[in-house]
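K.L.:
There's a structure below that I have some questions on.
The values are calculated or read from the model by the stated rules, or taken from the named source; none is laboratory data. Quantities reported herein were computed from a predicted structural model and do not represent experimental measurements. Virtual Cβ from ideal backbone geometry, glycine too; neighbours counted across all protein chains shown.
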Amino acid sequence: MKNLMTLLTFTVFSLSAIAADLTGNWKADFETQRGIQKYTFTFKQDGSTVSGKANVEMTDQKREAELKEGKVDGDTLSFVELINAQGNDLRITYTGKVSGNEIKFSRQVGDFGKSEATAKREAMAQPAAPAVGQRAPAGRGGFGGPIELKADDKAAFPNPPDGYDQKREGIEHGKLERVDYDSKTVGVKRWMQVYTPPGYSSAKKYPVLYLLHGIGGNEKEEWAKGGVADVILDHLLAAKKIGPMIVVFPNGNAAGGNAAGGTGGRSADFGGWGKPFEDDLIKDIIPFIQANYSVKADRESRALAGLSMGGGQSLNIGLGNLDTFAWVGGFSSAPNTKPPEQLVPNPEKAVKELRLLYISCGNKDGLIRISQGVHAYLKEKNVPHTWHVDEHAHDFQHWKKGLYNFSQLLFKQ
């Protein structure tokens, strides 16, 4: 009995030591849908209860979130981070195994994506991009997997010139405006941004590019944020590197409510990003654009492209509707991308009907395996496509360059 009491006392003491050790700051870098997110967790321990906050940095964005439902059970720590995605509350669940000054975390975003990282009391250094054939350290790739570059993972284009994404005086500028439309698919009024080129006239018919945002953005706060997309297009038009085109920036989450306005909708399973948005785009948005703008209505005058989640949507929808889109692009497409054999089940048809299939990713992007798989399948099936890998991670530097490169290939005779 004495030995048993000693053992129980030692066990309680050990658990208390673990609990006490959690109080303080812990740093971890997670590879997520939106790229590397740098977390600083500040924990406060009270017995088995944990409270605190997370400060998060990603490229030029920062946020702070209060942690919920925190608790310690033995050497396991768990808590929830709540974020708002287009008005929907999204639960990110963390489960971590505590070992000394490290916590090995699993990060679950709704029931959509999972990633892993180790939190330490000191900041984690960013890994350098691995060479061809080499792997990044375990846990540093997309959703916990390693990055492994292949021989084909090379740049197909040089970097754009300096200032390509900076607004410049002395050239003509297009118009970027919010446009409301009735979505019969969703059953609400939704809206989008529409870019019309300088000198837009109803006397002329224009091709249309539908450009999709990622999971953390919307129709206004990503491609059109700071005017970056229209600035790039204005520059290219002034340099006569592209022809005049209309560019439509829809909201890619057609949830069961006014997703664009941030009310209602499904939050955990992201159902609005799939078939509902595909129907909204093809049955509501495209007909609205054709009824209200002077556009060409044939498939060879219609392109679809996007970044991250929007890249996956573009490949899924574009390649699944070749009677609607002849030009398709995915920039660092996310895991919502269908398996390659489902994207292109009929390679012969794709060869015949596609005018352009553009796939790109950065060599520091933990999600590169998605695009690598699509490229490998297309290469095996002899489906012509453009495969471009640059020096970036899952970030807007790559996506801006994607628009710069992709738009110059569009609507060529």
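K.L.:
Of everything in region 391-412, what is small (Gly, Ala, Ser) and part of a helix (DSSP H, G or I)? Give them in sequence order. Explain how you work it out, then say what you get.
P.N.:
First, pick out the residues of region 391-412 that are small (Gly, Ala, Ser): 393, 402, 407.
Result: Gly402, Ser407.
K.L.:
Among the residues of region 166-204, write down those that are within 14 Å of Phe277 (Cα to Cα) and part of a loop (DSSP other than H, G, I, E, B).
P.N.:
Selection gives Lys184, Thr185, Val186, Gly187.
K.L.:
Quick one: is Ser314 under 17 Å from the mean Cα position of the chain (by Cα) and at positive phi?
P.N.:
Working: under 17 Å from the mean Cα position of the chain (by Cα): yes; at positive phi: no.
Considered against the rule, which asks whether it is under 17 Å from the mean Cα position of the chain (by Cα) and at positive phi, Ser314 comes out as no.
K.L.:
For region 128-142, state whether one or more residues are polar (S, T, N, Q), within 28 Å of Tyr358 (Cβ to Cβ) and at pLDDT below 95.
P.N.:
Within region 128-142, the first condition is being polar (S, T, N, Q), and the residues that meet it are 134.
Cutting the leftovers down to within 28 Å of Tyr358 (Cβ to Cβ) gives us 134.
Those left that are additionally at pLDDT below 95: 134.
Within region 128-142, one or more residues are polar (S, T, N, Q), within 28 Å of Tyr358 (Cβ to Cβ) and at pLDDT below 95.
K.L.:
Further, regarding this structure: From the list Leu343, Leu315, Leu304, Leu367, which one is modelled with pLDDT under 95 and closer than 26 Å to Gly216 by Cβ?
P.N.:
Numbers: Leu343 fails: modelled with pLDDT under 95; Leu315 fails: modelled with pLDDT under 95; Leu304 fails: modelled with pLDDT under 95.
Among Leu343, Leu315, Leu304, Leu367, only Leu367 is modelled with pLDDT under 95 and closer than 26 Å to Gly216 by Cβ.
K.L.:
In addition: The conditions are (1) assigned to a loop (DSSP other than H, G, I, E, B); (2) within 25 Å of Thr324 (Cβ to Cβ), and Tyr210 fails exactly one of them. Which is it?
P.N.:
(1)
K.L.:
Could I ask something else about it? Do any helices (runs of 4 or more DSSP H) lying entirely in region 285-390 carry at least 2 residues that are touching a residue at least 12 places away in the same chain (Cβ under 8 Å) and under 16 Å from Trp273 (Cβ atoms), and which ones are they?
P.N.:
Because the criterion is at least 2 residues that are touching a residue at least 12 places away in the same chain (Cβ under 8 Å) and under 16 Å from Trp273 (Cβ atoms), the helices (runs of 4 or more DSSP H) in region 285-390 that meet it are 309-320.
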